[in-house]
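Contents: one structure, followed by commentary.
The values are calculated or read from the model by the stated rules, or taken from the named source; none is laboratory data. None of these values were measured; they are calculated from a predicted model. Don't worry about glycine lacking a Cβ; one is built from the backbone with ideal geometry, like all the others, and counts go over all protein chains shown.
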Amino acid sequence: MASVVDHEPVIDRAAFEAYIQLRAIAKKYNVEDKLEVPQLVLVGETSTGKSMLVQNFLRFPCSFSQTGIATRCPVAYRLVYNPTLPIG
């Protein structure tokens, strides 16, 4: 199985907590639909590294990637911060 590059997180904890606070304020004032969250769509030929690109961007394994094996259907990822999970 291919490994993910071991780096610091893409976004630091303070930035993510600021985002959580922003979401809470948007919810309080009923404007959550106005808060735009970045989205990314990857499209390409089979076995060209789309899943590995996502894993390297996120800095943790989130999909099955192995030489000769391809994702066979569309996949959607939704990231949710969970402060109870151990780091690493």
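Brief remarks follow.
- Neighbours by Cβ (under 9 Å, 6+ apart or cross-chain): first from segment 19-34, more than 17 Å from L79 (Cα to Cα) and among the hydroxyl-bearing types (S, T, Y); second at pLDDT below 90 and not in a helix (DSSP H, G or I): none
- Of the residues making up segment 25-49, those that are at pLDDT 85 or above and either among the hydroxyl-bearing types (S, T, Y) or surrounded by 10 or more Cβ atoms within 10 Å (Cβ to Cβ) (or both) are I25, A26, K27, Y29, V31, L42.
- Which numbered condition F60 misses (of (1) at pLDDT 80 or above; (2) surrounded by 10 or more Cβ atoms within 10 Å (Cβ to Cβ); (3) part of a loop (DSSP other than H, G, I, E, B)): (1)
- Meets criteria (among the polar types (S, T, N, Q) and either touching a strand residue (DSSP E or B) at 6+ places or on another chain (Cβ under 6 Å) or at pLDDT 75 or above (or both)) for Q66: no
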